[in-house]
Amino acid sequence: MDPRPRWQRIGWATPWLLFQIFPLADLVVTPRPLIVRLVAGAGLVIFTGVYLVIFSRMFMGCPGRDWPRRELLVVAVLGTALSFWMGPTWTGLMIYVSAAAASALPRRRLVPAVLAATAVCAAVLAAYGQLGELFVLPVMCVLTAFALTGTRHLVTVNSELMAAREELARNAVAEERMRFARDLHDLLGHSLSLIALKSELAGRLTERDPVRARAEMADVEAAARGALAEVRDAVSGYRQVSLAQALAEARAALSAAGIALRAPSSGEVLPGTVDAVLGWVVREATTNVLRHSGASSVAVDLAVTKDVVTLTVTDDGRGGSAPRGSGLAGLAERVEALGGRLESGPVAGGGFRLTAVVPAGVAAEQAVTV
């Protein structure tokens, strides 16, 4: 469907109305009875009005099912009747019939309709002895139909492109909403887990060790403020979690929970997008360890080759299958967006392993494990 206002669609028809100067001039100049002029003038007005209605619906229907049958019939009958009745000067109306057919008819019906209009135009000229016009007006019927068919195709394609652009815009908005929801989950999941853990620890230490309890609550306050800042950064679109930052946060959170961490040192410089996605992997893995694993130690291994970067996070907890919630699903989307893959599952003998493999153009092979 053409989304433009009706008056703009009618605009395609208005240039062709200039040809009506000939029947109008004939109506005024040629001496005829008043009743003939009135009837012919009324017929011309109705013809023009229905013609414009056809053009206003030009691209609104589905070809073959919703084309304006009655309007086309009115235009064809009036055009034919006025041409035979009023003479060769009015045969230009058959050009309008061809234009209306080209603008509204489905393709399988277009050629017969245009040929019929051309034949009527030629028959009127021949009947009135205007043989010299046989190579002008009938040919214009065909050329006009050809021109309108091309115009119709171009405008239809343009309408489809506009619809496709609107659909892409809607998809982009939906994708951005999903990205923001995923970022928010990853940011708050880690921070809130840390806040809950430290709050529980502070509650247990309130009577036994008030000084340490106050220190833990100070950490809770700092974590809450940090989470608030991260959410603001995410809303602003500036948030990037680096691998080094994620490892530092993981060390602090796991240490507070009494879980040992063995992690890589900062050596290899990774591309920005790879560094960011691996930071999210460490964050999500740390959050899952704190929530589900019951582990006592966690190992993070980083292997960098010229083709891929592999990050593995392994814990010695209960193992089994981690809940496939929005965290791991969002993480898989991040990794797959870079052409990588995310694997997770239990480790033989106990524990759980999360592995992210991301393509990266690194010159030399190196494995970094501390």
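The values are calculated or read from the model by the stated rules, or taken from the named source; none is laboratory data. As the structure is a prediction and not an experimental result, all values here were calculated from the model. Heads up, the Cβs are rebuilt from the backbone with ideal geometry, glycines too, and the neighbour counts pull from every protein chain shown. The accessibility values were calculated without ligands, DNA or RNA, using every heavy atom of the protein model including side chains. Shrake-Rupley method; radii C 1.70, N 1.55, O 1.52, S 1.80 Å.
Some observations on this one:
- Residue within segment 61-81 that is within 19 Å of Thr149 (Cβ to Cβ), at pLDDT below 85, buried (at least 18 other Cβ atoms within 10 Å of the Cβ) and aromatic (Phe, Trp, Tyr) present: yes
- Search result, residues across segment 114-147 that are within 44 Å of the chain's Cα centre (by Cα) and among the β-branched types (Val, Ile, Thr): Val114, Val142, Thr144
- Ser199 vs. criteria touching a residue at least 40 places away in the same chain (Cβ under 8 Å), among the polar types (S, T, N, Q) and farther than 30 Å from Ala119 by Cα: no
- Selection within segment 82-96 - open to solvent by 20 Å² or more (accessible area, probe 1.4 Å) and among the hydrophobic types (A, V, I, L, M, F, W, C): Phe84, Trp85
For every residue, the table says whether it meets (1) of a type in the set (A, V, I, L, M); (2) within 14 Å of Leu290 (Cβ to Cβ); (3) at pLDDT below 80.
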{"position": "Leu187", "(1), (2), (3)": "yes, no, yes"}
{"position": "Leu192", "(1), (2), (3)": "yes, yes, yes"}
{"position": "Ser199", "(1), (2), (3)": "no, yes, no"}
{"position": "Gly203", "(1), (2), (3)": "no, no, no"}
{"position": "Asp209", "(1), (2), (3)": "no, no, no"}
{"position": "Val220", "(1), (2), (3)": "yes, no, no"}
{"position": "Arg232", "(1), (2), (3)": "no, no, yes"}
{"position": "Arg239", "(1), (2), (3)": "no, no, yes"}
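- Enumeration of residues in segment 126-163 that are assigned to a helix (DSSP H, G or I) and of a type in the set (S, T, N, Q): Thr144, Thr149, Thr151, Thr156, Asn158, Ser159
- Any hit, segment 171-183, residues being open to solvent by less than 50 Å² (accessible area, probe 1.4 Å), assigned to a helix (DSSP H, G or I) and touching a residue at least 24 places away in the same chain (Cβ under 8 Å): yes
- Residue within segment 127-141 that is open to solvent by 30 Å² or more (accessible area, probe 1.4 Å), in contact with a Ser or Thr (Cβ under 9 Å, 6 or more places away or on another chain), within 26 Å of Gly87 (Cα to Cα) and of a type in the set (S, T, N, Q) present: yes
- Answer residue from segment 142-165, given it is among the charged types (D, E, K, R) and modelled with pLDDT of 75 or more and is least open to solvent (accessible area, probe 1.4 Å) among those: Arg152
- Within segment 14-46, the residues that satisfy the criterion of being more than 22 Å from Ser103 (Cα to Cα), open to solvent by less than 60 Å² (accessible area, probe 1.4 Å) and assigned to a helix (DSSP H, G or I) are Pro23, Ala25, Asp26, Leu27, Val36, Ala40, Gly41, Ala42.
- Among the residues of segment 277-304, those that are surrounded by fewer than 20 Cβ atoms within 10 Å (Cβ to Cβ) and part of a helix (DSSP H, G or I) comprise Arg291, His292.
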